[in-house]
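A quick write-up on the structure given underneath.
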Amino acid sequence: MKTSVLRWGAGLVVGVAAAAQAQEGARLYAERCSVCHDAALERAPPRETLASLTPERVLEALERGSMITMAVGLSADQRRLVSEFVAGEPLADASSALPPAAALCAADAPPLKLQGPTWSGWGADLANTRFRSAEAAGLRAADVPRLALKWAFAFPHEIRVYGHPALAGGRLFTGTESGNVYSLDASTGCVHWVRNVGAGVRTAVSVAEIETPEGRHSAAFFGDAAGFMHAVDADTGRPLWKVRVDDFPLATLTGSPVFYQGRLYVPVSSHEENAAASPDYECCRFRGSLVALDAATGAFVWKTYTVDVPHPTRKSAGGVQLWGPSGAPIWSSPAVDPARNAIYVTTGNNYSEPATDLSDAFVALDLDTGRILWSRQMTSSDVYTVACRLPDRTNCTEQSGPDFDFGASPILVSLPAGGGRALIAGQKSGVVHAVDPDQDGRIRWQVRIGRGGSLGGIQWGSAADAANVYVALSDLGRVPVANTGATEADPAVGGGMFALRLADGKRLWYTPPAGCPAARARCSPAQLAAVTALEGVVFSGSLDGHLRAYSTEDGSVIWDFDTVREYDSVDGVPGHGGSLDGPGPVVGGGMVFVNSGYPNAGGTPGNVLLAFSVDGK
């Protein structure tokens, strides 16, 4: 039977005693909720009132209502535990359910063949351009105004849809925060298989043919939040291998792996920047790295760190040992340069002193050995952790950095008229940089398009065609939430779309943000999501929930779809759209695929993957 459903959803951890679940629910309530509800602050119902609600009502508030900001960092299981603790009774259906038969692909579906339209990995090609020709996209610019929703797939128990889809062999591959990885039919949205891997998957999936000791496989590769790389049979979801690429407890994989000539190149980042919020934490010892693996077996080929081994530096005021140097994670997907046998990454900030030269930088490495060929730092002395924006700044340096690291991947382009080549990436500083990969990263041009900030500037990345680079601006604004230390997005600040000439960075056009509807809650015009381009058109999603298509000629909006609505999903799960953040649209086979739902940064939750085609056919 070709359809293989291995697990559906993200139910409560099996085998945990009810008493232990209640204890964990109480702990989470004390940590996240009690400061307002137990103190009876204005507009915060007291605990006694909450106890009169059903657990379903509490869960609704946590996932789609007034408590989203407080719950955005909780997993699906944790939100359910809090709901049951507050209401004092179990949810009516706290377990996962298999999909209905109607959601499954036919049992006699043909086996996967890696042919036809493809978008593998983050950038669609080795250069990370996020560009598709009209032929590869199956779409012309004239077709885009006729795009209509063809199907919607709703992920159960999710409020944030952060896995970047991949398209290969007529199937979509994508992961979820609950650790479920799906293979869907690109034309209909039916389920070929789903597998839970035990940790959230936000990287794009890379799909390729490999030769293993067991034979030849179409393999799907992805990384998870616990720092493991996975290879599964792309046709069935059967595991091929699983390898942890970094043994640091807080290591994670956010940047998507790149497959090239039998190897996987895996960028490594971490959650340690957030852990430093605790004054008792020994900050900081994580080191960013790039890892090369044998794609057939998962065996290490080489690993190159972005900082030296940390050593004890000083004691904090509370007597806690501090360490350094640290940080310089690699948040995004590398670009491969076969011509120079090189691979390029962009890096994040340091977490602790001393500051290093490879933070906030472009870095080039040798494909064969991992040897660093050159680097070009864009912001020096950027030492920053979450503690720098908290009342207790124990784990923040006296002169905290601006948090201007790179979240965007480098894009490798050839300049028009034989003008050489460039690596281009936008930074959280609000500056777009172009450096010369053939001249040890010499700066070609730099253009400021925004003011920058921790969630400002350029976040997830841009797209480039043969002439221009297309850049979406975040510059998210924040407003405080009454009676808490939390903030939400400013509905009047942020956003905008830019076209810059590859040759010299000259601004060709700018399209201002549309602005938030007055009645829409948790709205921002900021454009954090990755950009996608095809011939004549560039797509950009916004925290306001809209996916817009801009003409590459003048920046005019030629198509606009508001994803914030309810959907009748093809899998029968209640579907609703929200903010667009993180991954950008994937284009191929005459269709456009995009995730909707992202409550972080004050956005709107959602749980759908949307598929568009011309006239919805």
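Name the residue, out of A492, A514, A503, A464, that is over 17 Å from G430 (Cα atoms) and in contact with a helix residue (DSSP H, G or I) (Cβ under 7 Å, 6 or more places away or on another chain).
Only one candidate qualifies: A503.
Among (1) out of contact with any strand residue (DSSP E or B) (no Cβ under 8 Å at 6 or more places or on another chain); (2) over 17 Å from E535 (Cα atoms), there is one condition L114 misses while meeting the rest; what is its number?
The number of the failed condition is (1).
Going residue by residue through region 271-288, is there one that turns out to be among the small types (G, A, S) and surrounded by fewer than 16 Cβ atoms within 10 Å (Cβ to Cβ)?
no
Restricting to region 373-426, count the residues that are at pLDDT below 95, among the β-branched types (V, I, T) and either at positive phi or not in a loop (DSSP other than H, G, I, E, B) (or both).
1
Looking at region 300-345, what strands (runs of 3 or more DSSP E) fall wholly within it and have at least 2 residues that are over 28 Å from the mean Cα position of the chain (by Cα)?
So the answer is 311-315, 321-324.
Can you tell me which of (1) of a type in the set (D, E, K, R); (2) in contact with a Leu (Cβ under 8 Å, 6 or more places away or on another chain); (3) at pLDDT below 95 is the one D224 doesn't meet?
The single condition D224 does not satisfy is (3).
Quick one: how many residues across region 353-406 are open to solvent by 60 Å² or more (accessible area, probe 1.4 Å) and aliphatic (A, V, I, L, M)?
Residues meeting the conditions: 3.
I'm checking my understanding of the structure. Among residues of region 596-617 that are open to solvent by 10 Å² or more (accessible area, probe 1.4 Å) and either at pLDDT 95 or above or of a type in the set (A, V, I, L, M) (or both), which one is nearest to K150 (Cα to Cα)?
The selected residue is G616.
Does any residue in region 265-291 that is within 24 Å of I372 (Cα to Cα) come within less than 8 Å, Cβ to Cβ, of a residue that is of a type in the set (V, I, T) and open to solvent by 50 Å² or more (accessible area, probe 1.4 Å) six or more places away or on a different chain, and which pairs are these?
R287/V309
Could you please find all residues in region 321-345 being over 14 Å from A127 (Cβ atoms) and either modelled with pLDDT under 95 or surrounded by 20 or more Cβ atoms within 10 Å (Cβ to Cβ) (or both)?
L322, G324, P325, S326, G327, A328, P329, I330, W331
Answer yes or no: is there a residue in region 516-534 that is surrounded by fewer than 24 Cβ atoms within 10 Å (Cβ to Cβ) and closer than 21 Å to A141 by Cβ.
Scanning region 516-534 turns up no residue that is surrounded by fewer than 24 Cβ atoms within 10 Å (Cβ to Cβ) and closer than 21 Å to A141 by Cβ.
Need a quick list: strands (runs of 3 or more DSSP E) entirely within region 437-530 having at least 3 residues that are of a type in the set (A, V, I, L, M).
468-472, 497-501
Does any residue of region 331-351 turn out to be free of Cβ contacts under 8 Å to residues at least 40 places away in the same chain and over 26 Å from G175 (Cα atoms)?
Yes, region 331-351 has at least one match.
Residue by residue through region 400-447, note down the ones that are in contact with a helix residue (DSSP H, G or I) (Cβ under 9 Å, 6 or more places away or on another chain) and either small (G, A, S) or closer than 19 Å to W331 by Cβ (or both).
Result: S400, G401, D403.
Six or more apart or on different chains, Cβ atoms under 6 Å: show the pairs whose first residue is in region 576-588 and under 28 Å from L114 (Cβ atoms) and whose second is surrounded by fewer than 24 Cβ atoms within 10 Å (Cβ to Cβ) and of a type in the set (S, T, Y).
If the second residue must be surrounded by fewer than 24 Cβ atoms within 10 Å (Cβ to Cβ) and of a type in the set (S, T, Y), the pairs left are G582/Y162.
Kindly indicate whether F593 is of a type in the set (F, W, Y), touching a Pro at 6+ places or on another chain (Cβ under 6 Å) and either at pLDDT below 95 or open to solvent by less than 10 Å² (accessible area, probe 1.4 Å) (or both).
yes
The values are calculated or read from the model by the stated rules, or taken from the named source; none is laboratory data. These numbers were taken from a predicted model, which means no experiment stands behind them. Here Cβ is always computed from backbone atoms with ideal geometry, including for glycine, and neighbour counts include all displayed protein chains. Surface areas here come from the heavy atoms of the whole protein model, side chains and all, with no ligands, DNA or RNA. Shrake-Rupley method; radii C 1.70, N 1.55, O 1.52, S 1.80 Å.
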